[in-house]
Amino acid sequence: MLQQVIFILMAIFTLGMALGTVTARNLFHAALFLVGTFAGVAVLYVLLEAEFLAVSQVVVYIGAIATLIIFAIMLSRSMMGKEAGAMNKQWLFAAGGSALLFIVLAMLLSKVPFATQVAPVPPDTIEQIGSSFVGVYVIPFEVASVLLLVALIGAIMLARERHG
Amino acid sequence: MDLSSIDLRAIGAWFHGLLISSGMSQTGIHVIEALVGALLLLIFGLTLVIFLIWLERKLAGRIQDRLGPNRVGPYGLLQTVADALKLLTKEDVTPLDADRVPYNLAPGLAVFHVIMALAVIPFSNRVIGADINVGVLYLMAVGAIGSMAALMAGWASNNKYALIGGFRVVAQLLSYEIPLVLAMIIPVMVSGTMRMNGLAVAQGSIFGFGWFVWTLPLAFLIFFVASLAEGERAPFDLLEAESEIVAGYNIEYSGMKFAWFFLAFFMNSWVLAAIGTTIFFGGWQGPFVDQLPALGVIYFLGKTMILFFVQAWVRATFPRLRIDQMMSFCWKFLVPMALVLFAAVAIILKLNLPQPLEAITLLVANVAILLTGVTLLGRTQRKALYAPKRAFTPTIPRL
């Protein structure tokens, strides 16, 4: 009962924040709304008793990605403080792409058999996540880290001073 | 009076009984107990800050051959209360061009993130807000909210200095988060748990020989230096370097909103000291703590205060670094050393040595990496010292 009340409140909060993200005219505000959306999703994870996922959500999305986005907005001078229009020349293509994505997601979600019975949450999920990272899913895990390394080296190559 | 009867659990049990006798539902009792626990932590944190500000000012005064606050109350103890009252009565100025909502939200978020961190800190074996199994990661997540608050304040103030302060927040807090996390992960690897209380329990041994600071001194050093930077303390207080950017991201804040940032700053320092105590100094562990669990709170607060004292001591004695020095110290010294230590500890733990041997190997590895790192740093610094003092060497034109 209480959980459902919290869930509904948080879902409304998250959706409101997501709506704010796409409708805000000020880019900085849009980024802040995005942070709110991430925080809402993290709370939903907590409600599902997935603490690790919730905390990772905050660390990765709020701590790293949102900060990076805000930083990028702050560094680009023309964006700061000005109200940017919600539409640009590509709105038609963007709308088409979004509609397609929505249709695909909706079809996918209607096909997925969702568990309606509440399964017991295993006591120590964190150990299971850890052992599957270095066990079953070791190759995707390593590929992801190689990808990050490539991005890191690329960033250094772009930013370094060229001598001579 | 029988000392062993002092058990904090008894208070909890009494309160639980009181709620049951009032005939509430199970959920209601749970919610009320959680709220009361959260309120207690909040009150504890806010009251503590009043004392911490006085302590730090007094210490800094003594260290710098001044008297420090000594007018209001005995030993100036009520100075902070007077200051808080003054700040409460001050006019609350909002800049005309400020971005109102983020501007007003930022001080709240700054305090919020520190109080959230209090939730997972084990004051004793039983006195802990929430002993979640991702405690260490949770602390990092909460810290991220703190840098978000400073960023919002810097941007929304619509002030050049505040904006530079905001940029520095991202640069400093994000950079130093890396050695901080790496240093915190090392005890987690050794003890095999991310629970804050689990970390404290893992260090239980006679006379504090089980403390991770003995076996992992380098990890503690990295943690401590990074925590100074995360706590925005001198020599790393570049965020509010008065001589460069006036007051950094909180320049436009006045009255109680400024006080909130101030409060968050002091509580953050204390929380970092408390994390250091839990992870490296055995937390609530101490003599006779098994017989008398309430002693754990005293040990914990005592150790944390000692660590806080060292932070204040460093702050009062060291001059501020330059921003480029600070960044290169993090990226070229702390991060590589933390990574090497991380790899070394992982390999040593994989060897599966018997207990005393493993601790000795860890200690040897720590000291060896520290000495190598410091020697290399000294060598490069000396080279830089003797290098020609010109910004560029003129090239002789070829004829």
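The values are calculated or read from the model by the stated rules, or taken from the named source; none is laboratory data. All values derive from a computational prediction rather than experimental measurement. Heads up, the Cβs are rebuilt from the backbone with ideal geometry, glycines too, and the neighbour counts pull from every protein chain shown.
Just a few scattered comments:
Condition check ((1) part of a helix (DSSP H, G or I); (2) of a type outside the set (D, E); (3) at pLDDT below 85; (4) closer than 30 Å to B:K58 by Cβ) across all residues:
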position	(1), (2), (3), (4)
B:V314	yes, yes, no, yes
B:R320	no, yes, yes, yes
B:A343	yes, yes, no, no
B:L349	yes, yes, no, no
B:L362	yes, yes, yes, no
B:V367	yes, yes, no, no
B:G373	yes, yes, no, no
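- For the stretch B:148-167, a residue qualifies if it is crowded, with 24+ Cβ neighbours inside 10 Å and either assigned to a helix (DSSP H, G or I) or at the interface with another protein chain (Cβ under 9 Å from one of its Cβ atoms) (or both), and the qualifying residues are B:M148, B:A149, B:A150, B:L151, B:M152, B:A153, B:G154, B:W155, B:A156, B:A162, B:G165, B:G166.
- Of the helices (runs of 4 or more DSSP H) lying entirely inside the stretch A:42-159, those containing at least 1 residues that are farther than 30 Å from B:Y103 by Cα and not assigned by TED's automatic domain parsing to the domain that holds A:H29 span A:91-111, A:125-133, A:138-159.
- Among the residues making up the stretch B:228-256, a single one is modelled with pLDDT of 85 or more and surrounded by fewer than 24 Cβ atoms within 10 Å (Cβ to Cβ): B:L228.
- Subset of the stretch A:40-74 that is under 21 Å from B:N133 (Cβ atoms) and small (G, A, S) - its residue that is nearest to the other protein chains (Cβ to nearest Cβ): A:G63
- Residue in the stretch B:113-121 that is modelled with pLDDT under 80 and within 18 Å of A:I70 (Cβ to Cβ) present: no
- B:L137 vs. criteria part of a helix (DSSP H, G or I), in contact with a Ser or Thr (Cβ under 8 Å, 6 or more places away or on another chain) and within 12 Å of chain A (Cβ to nearest Cβ): yes
- Conditions (1) away from every other protein chain (no Cβ under 12 Å); (2) closer than 30 Å to B:E244 by Cβ; number of the one not met by B:I178: (1)
- Criterion applied to A:M17, A:M10 was being out of contact with any strand residue (DSSP E or B) (no Cβ under 7 Å at 6 or more places or on another chain) and either surrounded by fewer than 16 Cβ atoms within 10 Å (Cβ to Cβ) or within 14 Å of chain B (Cβ to nearest Cβ) (or both), and the one residue passing it is A:M17.
- Residue satisfying condition, being part of a loop (DSSP other than H, G, I, E, B) and more than 14 Å from every other protein chain (Cβ to nearest Cβ), within set B:P107, B:P69, B:P95: B:P69
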